[in-house]
Amino acid sequence: MAELKVEIDPAEAGFDAARLARIDTHFAKYVDDGRLPGWLLVVSRGGQVVHVSTCGQRDMEAALPIELDTLFRVYSMTKPITSVAAMMLYEEGGFELKDPVHRFIPAFRDARVYRQGSAMAPVTEPATEPIRIWHLLTHTAGLTYGFHHVHPVDAMYRAAGYEWGSPPQKDLAACCDDWASLPLVFQPGTEWNYGVSTDVLGRVVEVVSGQSLDEFMRTRIFEPLGMGETAFFVPEAGQHRLAALYAPTPGTRKAFRFDAMGKVSTETPAFLSGGGGLVSTAADYHRFTQMLVHEGELDGVRLLGTRTLRYMTRNHLPGGADLEAFGRPLFAETTFDGVGFGLGFSVVDDAVKTKVLSTRGDYGWGGAASTAFWVDPSEHITALFLTQLLPSSTHPIRPQLKQLVYQSLVD
């Protein structure tokens, strides 16, 4: 089991300890007034942990505290792991980024694109070019999520059983066939829209590798990195360590328990969601971020070449556009000025434009339950914040975390 502890005096790593304490003070207020049930924070620099802190409870009703071994649903923080898995196969010659997805999933061969009409009677047209692997990695494929509630195609996903999950007993292959039968929101490569692209990418990993997605991740990523508690399920013996899931009460925004969404299987589920299915611990996910900040290698285990990871963490949106200009909004409260998207990660392209204290080139992503991480390759910093409040747009946790981590640097 991966361990988590402070490994260096903050001053030796260029941090001011009193300034680091401001992070804890600030986010403790979220717990004190009931907006968050609890949280866990890890900050590292130069490969050494400089700050670890916990606050609040993993289960408010049972009065169980957040602990270093608490298990969290990381939801969309699964996506960077799936993207790394895919690029490991890319490095072996398993595919080219321009390859059409239908080469691996034939159902996508005759993709149609929404043009007008309702969810009940959509008017579609043929895709002008096929969905390609790079479209999946950058969320420019035209795929969507049922939970968006913005576009008629979103409603079609919901009608097919895809809102926050998938129809019971359908595996990843069957889900991909379903999505291929639904219209795309736009022509591939012409816009950015958050959707099931990374789930489809997970199926590509299965086809290319000849392994199920969970088996590939376990044997090629989790075991080599020492991420022994990261999986698509939580065994019965570990369920007591799983943090409860919460949502904001309308009006007060106080967290209330949201068990309708919170169940995690005790065994491998039928649908292996490379877009949002993993459960992990802070220690495990920290190991993943350390592999990233060390450019694909950790403790003698190399998953990716240095040039591959550098390529993944550049802005791949056409014309160097940012998500604010090229993307469809995730949530009304979220803005992405100055932030582009690479192969599996958001990437800060213009730190000034973001209006958040940050560094050009830092990259990361978050999860639906308000979790977040980022890696700053120029400052050799990683930050990881874990909690369980759905949705992630409820509070401005991510920009606040960045401004508070960076203000604590004094070198």
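The values are calculated or read from the model by the stated rules, or taken from the named source; none is laboratory data. All values derive from a computational prediction rather than experimental measurement. So basically every Cβ, Gly included, is an ideal-geometry build from the backbone, and we count neighbours across all protein chains shown. Just the protein is used for accessible areas: all its heavy atoms, side chains included, with ligands, DNA and RNA removed. Shrake-Rupley method; radii C 1.70, N 1.55, O 1.52, S 1.80 Å.
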Which semi-axes, in whole Å and largest first, does the equivalent ellipsoid of region 221-373 have when worked out from the alpha carbon gyration tensor as the square roots of 5 times its eigenvalues?
29, 24, 13
Checking the table LYS29/LYS355; LYS29/LYS254; LYS353/LYS402; LYS98/LYS353 against a 21 Å threshold on Cα-Cα, which pairs fail?
LYS29/LYS355; LYS98/LYS353
Ignoring ligands, DNA and RNA, what percent of the accessible area of the chain is carbon or sulfur (1.4 Å)?
51 percent
Residues whose placed amide H lies under 5 Å from that of GLY38, excluding near-sequence neighbours:
GLN57, GLN388
Checking the cross-link filter: which lysines have an alpha carbon closer than 23 Å to that of LYS170, excluding same-chain neighbours under 8 positions apart?
LYS79, LYS263
Order these peptides, 167-176, 135-144, 5-14, 281-290, by their mean beta-carbon neighbour count within 10 angstrom, highest first.
135-144, 281-290, 167-176, 5-14
tail above 14 Å in the computed P(r) of region 95-147, as % of all Cα-Cα pairs, reads 59 percent
Could you work out how far the C-alpha centroid of region 354-378 sits from that of region 299-353, in angstrom?
10 Å
Rel. contact order, % - alpha carbon contacts under 8 angstrom, at least six apart, the chain
22 percent
Keeping every protein chain present and rolling a 1.4 Å probe, give me the accessible area per residue for the chain in Å².
39 Å²
A correct Stokes-Einstein calculation for region 47-176, using the alpha-carbon Kirkwood radius, 10 °C and 1.306 mPa s, returns a whole-number D in µm² s⁻¹ of 87 µm²/s
Where does region 176-275 land on Rg(C-alpha)/(2.2 N^0.38 Å)?
1.37
